[in-house]
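Working notes, structure below.
The values are calculated or read from the model by the stated rules, or taken from the named source; none is laboratory data. Please read these numbers as outputs of a predicted model, since none were measured by experiment. Backbone-built Cβ (ideal geometry, glycine too); neighbour counts: all protein chains shown. For the accessible areas, the whole protein counts, side chains as well, though only heavy atoms, and no ligand, DNA or RNA atoms are used. Shrake-Rupley method; radii C 1.70, N 1.55, O 1.52, S 1.80 Å.
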Amino acid sequence: MKVLLKNLGLLMIIAGAIILLACAITGNVNNNAILGTSAALVVIGLVAYIILNKKIVD
């Protein structure tokens, strides 16, 4: 369980990046809801990665 929590932020960042990549490939770059969601995933993932890795010690 600790391994999943340590990597939760990283998984959120990767999910946001995959959504942005999919939007760029399909040309759907005018949908603000999708772009905002992916940007929020990246930012929240970064914050979660920093906080969780400070608190969880192996």
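If you check 14, 19, 44 for being of a type in the set (A, V, I, L, M) and either open to solvent by 90 Å² or more (accessible area, probe 1.4 Å) or not in a helix (DSSP H, G or I) (or both), only one passes: 44.
Checking every residue in the range 29-36 against the condition of being hydrophobic (A, V, I, L, M, F, W, C), part of a loop (DSSP other than H, G, I, E, B) and free of Cβ contacts under 8 Å to residues at least 40 places away in the same chain gives at least one match. Just checking, how many residues over the range 24-41 are surrounded by 12 or more Cβ atoms within 10 Å (Cβ to Cβ) and either farther than 29 Å from residue 6 by Cβ or under 10 Å from the mean Cα position of the chain (by Cα) (or both)? Of the residues in that region, 5 qualify.
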